[in-house]
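Remarks on the structure that follows.
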Amino acid sequence: MSELTSIDESLELSRLTSAIMLCSLDFTVPFHDVIGLDRVDSQQLVSGLRDFIRVERTEQQHDFDAVLVRVARVFDFLAERSADPGGVFRKWFTEIYCQSHHEYPALEAWTNVLRKARRDSGDWKRLCVPAAIQQDARERFDRSVNADEFDARTRSAGKPRLSDWDLHLYAINLWNDDLPDIPNGPESQLYPIFCRFQGARFWWWLSPLLSNEERRQLVSGANQLISNLPDLAYIGSLRDLPSAPDIPAQGTGYA
C-alpha cells in the first residue's frame, strides 16, 4: 500500500489532476492573466503539462494510489523541463486554484457584503471605508466582481474551434458547460478561480491602506450591515478582513 491512504491526501491529488488537465488546455491560456498565471510562459507551461500527461498515460497502472503518487511528480517534471521557472504553477495551485467558492468562505462573505453595500451610497459610507479612498475602493471593488472580462474571454476562447487536444480532453472527461444543473466544463472550472484571484487583488490593494483602527471600523460596519439585512444573516459575523488561506499573503508575487 502507498503512504497515500488518507482521504484528504487522495482528494488533494485528485484536485491536482483536475488542475493539470485544465491548465493543459488551449482554452485556458487567454485566462492566464485574470486567474493568477500571468507570470508563466503560457506555451511552455501548456507544453510541459501535456508532456506530463502523455508520460503518465504511458506508465499508467491500475493501482489508484500509485497513480496519485505519480501525479504529485508534476512539479518536479515541469522544473526538469524548464516549463515552470520559479515554481509558479506549484504556488498557484497551492494558493489560488480552487473548485468552488466554498473554498474561500471569508472572501466570499466579504464579497457578498460589499456587493450589497455598493448598491446604496449610504450603506457604502456606513462601511467606514476611509473617506480619502472611499470612491476609489468602490470603483475597484466593482471591477473585481465584474464578470464582463471573463465573459469576453469565454466567447473568444476556442474560436474558431477547439484544438484537437482540447477536444480530446472534453471527450474523455465528458465536460459540458451547458449542463442545466451542474455544468462541469473548463468555463465552469475557471470561474471560481477568476473570482478568487480578482477578489484577492482588491484586498491586496485595500488592506495595506488601512490602519488597525480603520480595519476594526470596517469590520464593525460590515457586521452592522449584516445585522440589518436578512438576506445576509447566513454570514453570521465577520471577525477580520480576508487573509490566508482564503487569499495569498500580500506581496507573494502575483501581479
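The values are calculated or read from the model by the stated rules, or taken from the named source; none is laboratory data. Just so we're clear, the structure is a prediction, and the values are computed from it rather than from any experiment. As a convention, Cβ positions derive from the backbone with ideal geometry for all residues, glycine included, and neighbour counts pool all protein chains shown. In case anyone asks, the SASA skips ligands and DNA or RNA and just uses the protein heavy atoms, side chains included. Shrake-Rupley method; radii C 1.70, N 1.55, O 1.52, S 1.80 Å.
A few comments on the model shown:
- Hits among lysines - C-alpha to C-alpha of K116 under 23 Å, sequence gap 8 or more where chains match: K125
- Prolate/oblate/rounded call for region 137-255, Cα gyration tensor, a/c under 1.5 rounded: prolate
- The equivalent ellipsoid that matches the C-alpha gyration tensor of region 11-131 spans semi-axes of 38, 17, 11 angstrom, in descending order.
- Bridgeable aspartates and glutamates around K159 (alpha carbons under 13 Å apart, same-chain partners fewer than 8 residues away excluded): D26.
- Heavy-atom accessible area ranking, 1.4 Å probe, most first, across R57, R126: R126, R57
- Given the choices (i) 26.3, 92; (ii) 20.4, 62; (iii) 19.0, 64, Rg and Dmax of the Cα atoms in Å derived from the coordinates of this structure is entry (ii).
- Point-to-point label distance, D8-D51, nm (Cα→Cβ direction, 7 Å offset): 3.4 nm
- In this label model, A72 and D26 are separated by 3.5 nm, measuring between points 7 Å along each Cα→Cβ vector.
- Sum of -39500 (n - 2.57) over DSSP H runs of 4+, divided by residues of the chain (222 nm, nearest 500): -18000 deg cm²/dmol
- Subtracting the Cα-Cα distance of L229 and D120 from 0.36 nm times their residue separation leaves 38.0 nm of extension gain.
- Spacing of the two label points (7 Å from each Cα toward its C-beta) at D178 and D240, in nm: 4.7 nm
- FRET E, pair H102, D164, Förster distance 35 Å, beta-carbon r, rounded to 0.05: 0.55
- Estimated FRET transfer efficiency when R0 is 22 angstrom, pair Q135-R216 (beta carbons, to 0.05): 0.50
- Net length gained if the chain between V145 and D38 were fully extended (0.36 nm per residue, minus Cα distance): 36.6 nm
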